[in-house]
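The values are calculated or read from the model by the stated rules, or taken from the named source; none is laboratory data. All figures in this text were calculated on a predicted structure; none of them were measured in a lab. Reconstructed Cβ throughout: ideal geometry from the backbone, glycine too, with neighbour counts over all protein chains shown.
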Amino acid sequence: MKIVVTVKQVPDPNSNLTLEADNTISREKEVVLDPGDECGVEEGLQLKEAHGGEVILVSMGPERAKDAIRKGLSMGADRGVLISDASLAGADALLTARVLAAVIKQEEPDLVICATESYDGSTGMVPPMLAELLGFPQLTFAKKVEVDGSTVKVHRQTADGYQIVEASTPALITVTAAIAEPRYASLKGIMAARSKEIKQVAASELGVEKGQPAETIEGVVEAEARKAGEVIEDDGSAVEKIVQVLAAAKVL
Amino acid sequence: MPSILVYAELSEGKVASTSLELMTKARELGDVYAVALGAGAKTAASTLGKHGAKVVHVSEDSAFDDYVAEPATDALASLYEKEKPDLILFGFAPDSREVAGRLAARLGAGLISNALDVVAKDGGFVAQVPYFGGAKVASMKANGKPAIVLIRPKSFEASAKGGTAEVKQLDVKVGDGSKRAHIAERVVEASEKVKLEEARIVISGGRGMGGPQNFPLLEELASALGGAVGASRAVVDAGWVPYSMQVGQTGKSVRPGVYIAVGISGAMQHTVGMKTSKIIIAINKDAEAPIMKMADLGVVGDALKIVPALTAAVKAKKNG
């Protein structure tokens, strides 16, 4: 089975974000493989271990996004493809999906695995767009994936439980953090990753028209902050104080 | 007047509350049309009429309930070709997200996701989007036609104003090519407790709860108060509690009368999903935690002692 996992380099969730002059999020420093994508890579590796095949990581980003791909390769993925092109800086979801789709089509995978949404953008729009552009069905919010021959079945997280959703391959699935605990790269894995291929592709080779962006940022302001209220040390009277607040709010 | 099409998400044949919230906003922006697909669509049309829809396009084809995203995308694409709405509004909810994404890719539309608000400007639409994990708000202009905007739940109040929609049967035949991701079974895990999004009081736990074994303390307090239990992303990612309990940027948005954050530091990721709660109470051992700077009442202390004592006090007050 040929599995493509989309991966993205994002600002470290534990670091402070900064803005570029054009109001896009700076991705210059403290970057890591998106934690959601680590789960996607893990699921891809588990499926490969169970069914054989190949796990290919596809990413769009600047040259140093190779580090994110390398991280996935050290976990055990087979090879990577990076679409890196200055003209793609600040690309919106639709352009990103078009570029990824152009590369993934060439790979003719059985399965494409994406995280439900990225850690930094959090819009969750690239996966359904990608599914549409590839002409694949989408099996989303998966907390469990099973493959049987050419049938893929997922447990799709819902507000009150889950749905069992199935489709024939090729298909695109999105996975939640509940899918699998990402493995740590072993020393052997890290060494092996150094010699694995990361193919670099220029946007111009893909025939994707950049066109007009689907959205433009007009301005950024500070979010409205709530005012701090009273802060008390619990000296045994805190419970009584909370009860008073609950009573005043008429929930008690 | 711009024409606004609202995608009404149905849940067990009823219009989702998020979709009704969108209707309130849509009425401000222009002439409102809605589309309702699947079982219960015709009943939904009457509810949507009361919320301001002039016309509701309906189809009760079972394909809309049985297959993920593609049949609905076909229906919306075909409706767009006929009606050419200026703006299509979706709730930022799982099913809607998937349809919106596919539709935007198919139409090459301008799309803005995860928005808090949308306004008409210069003949187009500008949406307010939480940015930087919620620390900032960006104004994003949707380029291209139609504009597609996904709005976070609880951004507006649903309000019925009375009215009757003209119901139009949607003339769409869902082809076999779109019947692919088949929903074979629906499994309900959550018991019939108060729904997180609808609860008047929400008690959420974070890492400061120490471990999943202590979450029952929150359940007991919630049950005494008639509330629901939520959680921070950190403890969901750690596998302590299911994703359905997650409050925040990548989880649910809540706006209860009282929100009690227990052992939650108050990262932006979390607060963007709860900061519009009327009253916020924080219990945390760290007086410097960001949550303390936004809470109406911050209690510095041991959550594992305070929560059971609070549950006992609440029970005593109710019985007394």
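For every residue, the table says whether it meets (1) outside the structural domain of B:Val118 (by TED's automatic domain parsing); (2) surrounded by fewer than 21 Cβ atoms within 10 Å (Cβ to Cβ); (3) among the acidic types (Asp, Glu).
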residue: B:Ser46; (1), (2), (3): no, yes, no
residue: B:Ala53; (1), (2), (3): no, no, no
residue: B:Val58; (1), (2), (3): no, no, no
residue: B:Ser62; (1), (2), (3): no, yes, no
residue: B:Asp65; (1), (2), (3): no, yes, yes
residue: B:Ala69; (1), (2), (3): no, no, no
residue: B:Asp74; (1), (2), (3): no, no, yes
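A single entry from B:Ala100, B:Ala127, B:Ala120 fulfils the requirement of being within 9 Å of chain A (Cβ to nearest Cβ) and either within 20 Å of A:Asp22 (Cα to Cα) or surrounded by fewer than 24 Cβ atoms within 10 Å (Cβ to Cβ) (or both): B:Ala127. For region A:127-178, filtering for residues that are facing chain B (nearest Cβ under 8 Å), outside any strand (DSSP E or B), modelled with pLDDT of 95 or more and over 15 Å from the mean Cα position of the chain (by Cα) leaves 3.
The listed residues are B:Gly227, B:Gly210, B:Gly205, and the only one of them that is surrounded by 24 or more Cβ atoms within 10 Å (Cβ to Cβ) and more than 9 Å from chain A (Cβ to nearest Cβ) turns out to be B:Gly205. Looking across region B:178-205, the residues that are touching a residue at least 60 places away in the same chain (Cβ under 8 Å) and either farther than 27 Å from B:Ser17 by Cα or among the basic types (Lys, Arg) (or both) come down to B:Ser178, B:Lys179, B:Arg180.
Here is a yes/no grid of residues against (1) buried (at least 24 other Cβ atoms within 10 Å of the Cβ); (2) free of Cβ contacts under 8 Å to residues at least 12 places away in the same chain:
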site	(1), (2)
B:Gly273	yes, no
B:Ile281	yes, no
B:Asn284	yes, no
B:Glu288	no, yes
B:Leu297	no, no
B:Val300	no, no
B:Lys305	no, yes
B:Val314	no, no
B:Lys317	no, yes
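Selection of first residues in region B:234-258 that are more than 24 Å from A:Pro182 (Cα to Cα) and of second residues that are surrounded by fewer than 19 Cβ atoms within 10 Å (Cβ to Cβ) and among the polar types (S, T, N, Q), restricted to Cβ pairs under 7 Å at least 6 apart or on distinct chains, gives the following pairs, ordered by first then second residue: B:Arg255/B:Thr276.
Selection over region B:1-24 of residues that are of a type in the set (D, E, K, R) and surrounded by fewer than 19 Cβ atoms within 10 Å (Cβ to Cβ) gives a count of 2. Here B:Leu89 qualifies as part of a strand (DSSP E or B), touching a helix residue (DSSP H, G or I) at 6+ places or on another chain (Cβ under 7 Å) and at pLDDT 95 or above. Scanning region A:197-219 for residues that are closer than 24 Å to A:Ala97 by Cβ and at the interface with another protein chain (Cβ under 9 Å from one of its Cβ atoms) yields A:Gly211, A:Gln212, A:Pro213, A:Ala214, A:Glu215, A:Thr216, A:Ile217, A:Glu218.
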